[in-house]
Amino acid sequence: MPAKTRIKPKFEPAASGSEIQSFIGWSMVDGDNKKYQQMYDQIAPFYNLSNKLYFWLKFGGEANYRRQFLDELEIREGDRVLEVSCGTGDNFPFLPPNIELHGLDLSMGMLKACRRHLRKWGLSASLYHASAEELPFEDAAFDVVYHVGGINFFNDKKRAIAEMIRVAKPGTKLVIVDETEKLAKGTYERIPLVGKQYKHRSAIQAPVDLIPPGMQDLHVKEICTGLMYCLSFRVPG
Ligand SMILES: C[S@@+](CC[C@H](N)C(=O)[O-])C[C@H]1O[C@@H](n2cnc3c(N)ncnc32)[C@H](O)[C@@H]1O
């Protein structure tokens, strides 16, 4: 197993599109992380199309879905913004312009699709292949940190939350969003290829009990007609 050094990349955003920096040795990915990494690598080529279709049918468009949680973020011009588990980058076009984008994900397949999308959208972001439980960034590196859609099935949710807090500047509002049990049971379990991954698991709950003491303004609510939860809190400044 490779030595687990804390690597501090320089935060130079690529001029257009992005190279993907990898901070993970395959042998370090195990348990549920391995299962979902393989699943996302497999579904990456058609992930967006099926998602877009779903958002149109369910919410009348992707913006109507994403705005419900992205509006929770406190982003100012010039901010350095990190999405943990950025997947194919579909939140990025909905963020304000003139910010420094950084996206991290465990699935190389999703990151490669993200890189293609960034080129298509004319956006620039630095991309990192790494686990949310071990973010390859120095402390207090980001003005904004958020996560959408993966944490329910991380190997170690508590550690991932602690890592997001560590890399956020004091005073940052963190936003964590994922599906509720209603969505997992009503939809995900029925999708071919994906459904089998969601069987034999404990019922989903927003990880409120994993937020360490001392965090401020803790809120949790259901959004997207109860299909997602949105958990937010502020790192003390
Ligand atoms: C449902 S997708 C969400 C993508 C994107 N955030 C969005 O809102 O469209 C979940 C993502 O979480 C990533 N993921 C799963 N486990 C992870 C882990 N332990 N560390 C980092 N990313 C992970 C998957 O590879 C996948 O791209």
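The values are calculated or read from the model by the stated rules, or taken from the named source; none is laboratory data. The structure presented is a predicted model; accordingly, all values stated were derived computationally and were not measured. Neighbour counts are summed over all protein chains in view; Cβ atoms, including those assigned to glycine, are modelled from backbone coordinates with ideal geometry.
Does G171 satisfy being in contact with a Phe, Trp or Tyr (Cβ under 7 Å, 6 or more places away or on another chain) and either free of Cβ contacts under 8 Å to residues at least 24 places away in the same chain or under 28 Å from D139 (Cα atoms) (or both)?
Values: in contact with a Phe, Trp or Tyr (Cβ under 7 Å, 6 or more places away or on another chain): no; either free of Cβ contacts under 8 Å to residues at least 24 places away in the same chain or under 28 Å from D139 (Cα atoms) (or both): yes.
No, not satisfied.
Inside the range 34-87, can you point out the residues that are more than 14 Å from the ligand (Cβ to nearest atom) and at positive phi?
Across the range 34-87, the qualifying residues are G60, G61, G78.
Given the conditions (1) in a helix (DSSP H, G or I); (2) under 21 Å from I151 (Cα atoms), and given that G103 satisfies all but one, which numbered condition is not satisfied?
Going through the list (1) in a helix (DSSP H, G or I); (2) under 21 Å from I151 (Cα atoms), G103 breaks only (1).
Of the residues that make up the range 42-64, is at least one in a helix (DSSP H, G or I), in contact with a His (Cβ under 9 Å, 6 or more places away or on another chain), at pLDDT below 95 and crowded, with 16+ Cβ neighbours inside 10 Å?
The answer is yes, given that some residue of the range 42-64 is in a helix (DSSP H, G or I), in contact with a His (Cβ under 9 Å, 6 or more places away or on another chain), at pLDDT below 95 and crowded, with 16+ Cβ neighbours inside 10 Å.
Which count do you get for residues in the range 145-163 that are in a helix (DSSP H, G or I) and either among the acidic types (D, E) or touching a Leu at 6+ places or on another chain (Cβ under 6 Å) (or both)?
4
Evaluate the range 206-219: report whether one residue or more is in a strand (DSSP E or B), of a type in the set (D, E, K, R) and surrounded by fewer than 16 Cβ atoms within 10 Å (Cβ to Cβ).
For the range 206-219, residues in a strand (DSSP E or B), of a type in the set (D, E, K, R) and surrounded by fewer than 16 Cβ atoms within 10 Å (Cβ to Cβ): present.
Being away from the ligand (no atom under 16 Å from the Cβ), of a type outside the set (A, V, I, L, M) and surrounded by fewer than 22 Cβ atoms within 10 Å (Cβ to Cβ) is the filter here; which residues of the range 136-174 pass it?
E138, D139, D143, K169, P170, G171, K173
Collect the residues in the range 68-93 that are surrounded by fewer than 14 Cβ atoms within 10 Å (Cβ to Cβ) and of a type outside the set (D, E), keeping them in residue-number order.
Matches in the range 68-93: R76, G78.
For the range 194-214, which positions are under 20 Å from the mean Cα position of the chain (by Cα) and either under 15 Å from K158 (Cα atoms) or modelled with pLDDT of 95 or more (or both)?
Across the range 194-214, the qualifying residues are I204, Q205, A206, P207, V208, D209, L210, I211, P212.
Taking the range 114-135 as the region of interest, how many residues are more than 12 Å from the ligand (Cβ to nearest atom) and not in a helix (DSSP H, G or I)?
The total comes to 5.
Determine the pairs where a residue that is touching a residue at least 40 places away in the same chain (Cβ under 8 Å), located within the range 27-42, has a partner that is in a helix (DSSP H, G or I) and within 9 Å of the ligand (Cβ to nearest atom) with Cβ atoms under 6 Å apart, the partner being 6 or more residues away or on another chain.
The qualifying pairs are V29/Q37; D32/F153; Y36/F153; Y40/M110; D41/G109.
Among the candidates F69, F92, F137, which residue alone is modelled with pLDDT under 95 and either over 26 Å from K221 (Cβ atoms) or not polar (S, T, N, Q) (or both)? First the steps, then the outcome.
On the way: F69 fails: modelled with pLDDT under 95; F92 fails: modelled with pLDDT under 95.
The conditions single out F137.
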